[in-house]
Amino acid sequence: MQANEWFRLWFNSPYYDILYQDRNKEEALQLVDKLANYLKIPNGSFILDAACGRGRHSTALAAKGFNVIGVDLSPLPLAEAKKHETDNLHFFLHDIRLPFYINYFDYVFNFFTSFGFFKTMREHNDAMRTLSQSLKFNGMITIDYLNTHFTEGNLKHKEIINRGNVIFDIERWCDEEYFYKRIHVADKEKNISETFTEQVEKFSLGDFTDMLSYQGLQIEYVFGNYNLDAYHIKKSPRMIIMAKKIHR
């Protein structure tokens, strides 16, 4: 675990929030409503939002009356999330590769491709072990990931986004193992120029099946978008996996 890991630098940058400002609370509320209704989450359930960022999904879950803890390893977004803490909503600075509460949560959520960032398979397995161990027996985990096969065929290789005085020049590409997104930031007002590169592992449904089963989790459902339509290996933009903890 290194201080210069790309996600530590990029997610903790103020430019990350500027670029992705369109990810609004209403969108999070709609997804949380669909997932909570589908899973029939009982009132008072304990929920972990793993890699919560600024906490928009955590806040939406807590608004429904659940007891929610959000964790993230980036101090800047977490500081924003903590402004919304309530009696049933709390945030902690934590790296999911390290153990957290054991056998504590009824449900675990990992939203918006907040997995697949690490350099080694051991680190990914460490993270999956943390998520599994945090669940009670028969608890459910939901992982919202990109669909590798769809993403490969729909990469927008070049894009320029203007956010006021900040210009984002974005390049996307992939190889056999990873998707990459290079973001060059030009802040004309502050005369700042920075470059960040996102890197996400090309995990398939089979890869997740192996990772989850190794940690005592069994896949129950797979959906292909935020409307919870059926997953199609080539046509679905997302891969939303729901798995149950079947081993203590």
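Here is how the numbers come out for the structure above:
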read-out: Segment 151-199, dipole about Cα centre (Lys/Arg Cβ +1, Asp/Glu Cβ -1), debye to the nearest 20; value: 320 debye
read-out: Long-range amide H partners of GLY70 with built H, under 5 Å; value: ASP49, HIS90, PHE91, PHE92
read-out: Longest exposed-site-free window of the chain, the sites being GluC sites (Glu not before Pro) in a DSSP loop that have at most 13 other C-beta atoms within 10 Å; value: 1-175
read-out: Antiparallel content of DSSP bridges confined to the chain, in %, to 5; value: 70 percent
read-out: Cβ charges +1 (Lys, Arg) and -1 (Asp, Glu), total dipole of segment 142-248, debye; value: 320 debye
read-out: Fully extended contour minus Cα-Cα distance, from TYR38 to GLU159, at 0.36 nm per residue; value: 40.0 nm
read-out: For peptides 55-66, 139-150, 32-43, sequence by mean Cβ density within 10 Å, most packed first; value: 55-66, 139-150, 32-43
read-out: From phi via Karplus (6.51, -1.76, 1.60), per-residue ³J(HN,Hα) for segment 109-123 in Hz, x at Gly/Pro; value: 10, 10, 8, 6, 6, 9, 9, x, 8, 8, 7, 10, 5, 4, 5
read-out: Three-way shape call for segment 1-145 based on the alpha-carbon gyration tensor, with the a/c threshold at 1.5; value: oblate
read-out: Long-range tail of P(r) for segment 99-248 (Cα pairs > 28 Å, %); value: 30 percent
read-out: Integer Hz, Karplus 6.51/-1.76/1.60 couplings in order for segment 81-89, x for Gly and Pro; value: 4, 5, 5, 9, 4, 9, 4, 10, 9
read-out: Gain in span if fully extended, SER213 to ASP87, counting 0.36 nm per residue against the direct Cα distance; value: 41.9 nm
read-out: Linear extension gain, ASN103 paired with ILE233, 0.36 nm per residue minus alpha-carbon span; value: 43.5 nm
read-out: In sequence order, calculated HN-Hα J values of segment 63-69 (Karplus, 6.51, -1.76, 1.60; Hz; x Gly/Pro); value: 5, 8, x, 7, 8, 10, 10
read-out: Label-to-label distance, nm, for residues given as GLN30 and GLU171 (7 Å Cα→Cβ offset); value: 3.4 nm
read-out: Positive-end residue, the chain charge dipole about Cα centroid, Cβ charges, pick of ILE41, THR59, TYR178; value: ILE41
read-out: Over the chain, relative contact order from alpha-carbon pairs under 8 Å, at least 6 apart, %; value: 17 percent
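Every read-out reported here was derived from the displayed coordinates using simple, explicitly stated rules and does not represent laboratory data. As the structure is a prediction and not an experimental result, all values here were calculated from the model. Cβ coordinates were reconstructed from backbone atoms using ideal geometry, including for glycine residues, and neighbour counts include every protein chain displayed.
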